[in-house]
Every structure is written in structure tokens, then in C-alpha cells.
Amino acid sequence: MDRIASCSCGQLTARVVGAPVRISICHCLACQRRTGGPFSEQARFPRESVTPTGVSSEYVQAGDDGPGARFHFCPRCSATVYYEPLGLPEYISIPVGAFADPGFPAPTVSVYEGRKHGWVVPPSPAEHFQ
């Protein structure tokens with residue numbers, strides 16, 4: 001499987017070969033602020049499966065629990081295309097929305113549910129973590 005994630009203007013992309021090893025949604029307050037939505041959704045891939053192209057700016061966000069992540073976003077349109085979980089150097093995560101693919105698989109993990117908006121209902125077969 002071959003997918004392309006892109007920023008809004010198309011300057012920064014990430015080509016991914018293969019299936020994600022994990023698809024998750026996060027309800028932490030940092031993700032809510034970063035995305036402007038009630039949660040974030042991301043797909044994790046082995047680092048060797050991801051090929052970024054274009055110029056990115058970086059922002060390191062400390063984690064609520066753990067070392068945080070280095071976010072790569074387009075300096076022109078500001079959309080995040082991929083990020084590096086600092087505690088998992090063998091992986092790269094990509095916001096699912098960057099693929100612009102309504103057929104992308106559903107999340108299998110939901111984290112920080114203690115901060116979840118009351119109306120959000122994660123998929124029932126997903127693993128749930130407070």
C-alpha cells in the first residue's frame with residue numbers, strides 16, 4: 001500500500017509504503033490545542049516506511065506522560081504533515097487528516113479518555129485508556 005500525506009498547499013509531503021502499525025486518537029489537551037479539534041487522530045508507521053519531501057519547520061511539544069514529540073509542519077501553510085514521537089525513535093506518526101482519505105481505517109486505540117469531550121464516542125472495538 002502506498003499513500004501520500006500532504007500539507008494544505010502541497011509543499012510538504014510524506015510518502016508512506018505499507019500499512020500503519022497503529023492508528024490512534026488522543027484526547028489530551030495538548031492535541032486538542034494543536035489540532036483545533038476535540039481530539040487528534042494519527043497513524044504510526046515504521047520510520048523506514050516514510051519518505052518526507054519538502055521543507056518543514058519543527059516544533060517540539062512536551063508530553064503529558066513521556067518525552068513528547070517533534071512536529072514537522074509546512075512553513076508556508078502551517079499544516080502538520082508528520083511527527084516523531086521522541087520516546088519511539090523507530091516510528092513516525094502522521095495525522096490521518098493529512099492523507100485526505102475518507103476510507104482510511106478506523107482507530108484501534110483511544111488515549112487520554114479522561115479529557116474526552118462528552119459527545120465523542122470512540123469506536124467500541126478500540127482499546128480505551130484513561
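Within the set 106, 69, the sole residue that is buried (at least 18 other Cβ atoms within 10 Å of the Cβ) and either small (Gly, Ala, Ser) or free of Cβ contacts under 8 Å to residues at least 60 places away in the same chain (or both) turns out to be 69. Residues of region 1-33 that are buried (at least 19 other Cβ atoms within 10 Å of the Cβ) and part of a helix (DSSP H, G or I): 31 alone. For beta carbons closer than 6 Å, sequence separation of 6+ or different chains, a first residue in region 22-51 that is more than 17 Å from residue 118 (Cα to Cα) and a second that is open to solvent by 20 Å² or more (accessible area, probe 1.4 Å) and at pLDDT below 95, the qualifying pairs are 30/61. In the condition set (1) within 23 Å of residue 16 (Cα to Cα); (2) within 17 Å of the chain's Cα centre (by Cα); (3) open to solvent by 20 Å² or more (accessible area, probe 1.4 Å); (4) without any contact (Cβ under 8 Å) to a residue 60 or more places away in the chain, residue 62 is compliant with all but (1).
So, residue 106, is that one under 20 Å from residue 11 (Cβ atoms) and among the small types (Gly, Ala, Ser) or not? Against the criterion (under 20 Å from residue 11 (Cβ atoms) and among the small types (Gly, Ala, Ser)), residue 106 does not qualify.
The values are calculated or read from the model by the stated rules, or taken from the named source; none is laboratory data. Note that the structure is a prediction, hence the values are computed from the model and not measured. Counting neighbours? That spans all protein chains shown, and the Cβs are built from the backbone with ideal geometry, glycine included. For accessibility, only protein heavy atoms count, side chains too; no ligands or nucleic acids. Shrake-Rupley method; radii C 1.70, N 1.55, O 1.52, S 1.80 Å.
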